[in-house]
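Please treat every number below as a calculation from the coordinates, not as lab data. Fair warning: this is a prediction, and the values are worked out from it, not measured in the lab. Note that each Cβ is placed from the backbone with ideal geometry, even for glycine, and that neighbours are counted across all protein chains shown.
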Number of protein chains: 2
Amino acid sequence: MFRLHGQLEKDAVPVCDLPLSSVLLFNDARFPWLILVPRIEGARELYSLDGDERVTLMEEIALASGVLQRTFEPYKLNVGALGNIVEQLHVHVIGRFKHDAAWPGPVWGFQGRQPYPPDALSGRLKTLQDAFEKDGRIR
Amino acid sequence: MFRLHGQLEKDAVPVCDLPLSSVLLFNDARFPWLILVPRIEGARELYSLDGDERVTLMEEIALASGVLQRTFEPYKLNVGALGNIVEQLHVHVIGRFKHDAAWPGPVWGFQGRQPYPPDALSGRLKTLQDAFEKDGRIR
């Protein structure tokens, strides 16, 4: 039985489910920041997925990347699977701007987290859900 | 014509070529740190690769991950494609330990870089080349 890690449940909100991964929006208004969590109990490293799962995950990373790029037009995307703190396998896909708070450094470990105001959060979720749906991939 | 970015040429040394990517060892003795650079002129983002290239890159990430895991037995792997500073598409695959200098933070942006002493560098390269060759994937 797959269960989302408590820390991800606390820091992020669900956007939609793709065939392999649940897509979350990291609740930090400073960055457009998605997290893909493959729904595989006990998964910890990319390389321990089987070949088909890895291919699907890569396609879902590309899909999420395209959604962020078209929706927010960031200067650069950052993609990362770290897991030093939350070991449940998850992949960050983040839109970066030259004027963002952490540029050009990484966002991971960057101090603080600024949650969206409630209205802004629901607006952003709707925008993202529409963008994923437009790509015809929501189950 | 593909040409490796000057900054990668300066900070890393070649290990071997895989079908899509050149594998480099980042010259920082504090972390076992590989960089995969797909030999595609102008590539900047994962999602802009075509589907076959993405699949191959994912397999090469898994291969490099397995080599690091078996060779150095890190506690965790970190995989990331950032490119905020060096825009040429490249993927970091890094072995992390609970006792390493940056733990549990990310290695990117972590101060300094401690090049290997020359003998240690050639020893490490040989170890890695043997490990990739054992997997039968060197061209």
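Identify which of B:Asp50, B:Asp100, B:Asp11 has the largest mean-square fluctuation in a Gaussian network model of chain B, with springs joining Cα atoms closer than 10 Å.
Among B:Asp50, B:Asp100, B:Asp11, the largest mean-square fluctuation in the Gaussian network model of chain B belongs to B:Asp50.
So if each residue of separation counts as 0.36 nm, and I subtract the Cα-Cα distance between B:Val86 and B:Met1, what length gain in nm does that give? Don't skip to the end; give the middle numbers.
Numbers: separation 85, 0.36 × 85 = 30.60 nm, distance 1.81 nm.
Stretched fully, the B:Val86-B:Met1 segment lengthens by 28.8 nm.
Specify whether the C-alpha gyration tensor of chain A places it in the rounded, prolate or oblate class, a ≥ b ≥ c being the square roots of the eigenvalues: rounded for a/c under 1.5, otherwise prolate if a/b is larger than b/c and oblate if not.
Because its axes are fairly even, with a/c under 1.5, chain A counts as rounded.
What GluC sites (Glu not before Pro) does region A:1-101 have in DSSP loop regions with at most 16 other beta carbons within 10 Å?
When the GluC sites (Glu not before Pro) of region A:1-101 are filtered for loop state and at most 16 Cβ neighbours within 10 Å, A:Glu41, A:Glu87 remain.
Where the centre of each part is set by its Cα atoms, how far does region A:82-111 sit from region B:40-117, in angstrom?
Measuring centre to centre over Cα atoms gives 14 Å.
Compare A:Ser48, A:Ser22, A:Ser65 in a GNM of chain A, Cα atoms joined below 10 Å, and give the one with the largest fluctuation.
Checking each option, the largest mean-square fluctuation is seen for A:Ser48.
Only loop residues by DSSP count here, and only those with at most 16 other Cβ atoms within 10 Å; note down the chymotrypsin sites (Phe, Trp or Tyr not before Pro) in region B:28-76 that meet that.
Numbers: sites: B:Trp33, B:Tyr47, B:Phe72, B:Tyr75; in loops: B:Tyr75.
Here the chymotrypsin sites (Phe, Trp or Tyr not before Pro) that fit, given the DSSP loop and packing criteria, are B:Tyr75.
How high is the relative contact order of region B:6-135, given as a whole-number percent (alpha carbon pairs under 8 Å, six or more residues apart)?
27 percent
Once you order the gyration tensor axes a ≥ b ≥ c over the Cα atoms, which shape class does the protein assembly as shown get: rounded for a/c under 1.5, otherwise prolate or oblate by comparing a/b with b/c?
prolate
Can you tally the lysine pairs in region B:6-135 where the Cα-Cα distance is under 26 Å and the two residues are eight or more apart, or on different chains? Let's see the in-between values first.
On the way: B:Lys10/B:Lys126; B:Lys76/B:Lys98; B:Lys76/B:Lys126; B:Lys76/B:Lys134; B:Lys98/B:Lys126; B:Lys126/B:Lys134.
Taking the Cα cut-off of 26 Å, the pair count is 6.
Using only the alpha-carbon atoms, how far is helix A:51-72 inclined from the longest principal axis of chain A? Give it as 0 to 90 degrees, nearest 10.
10 degrees
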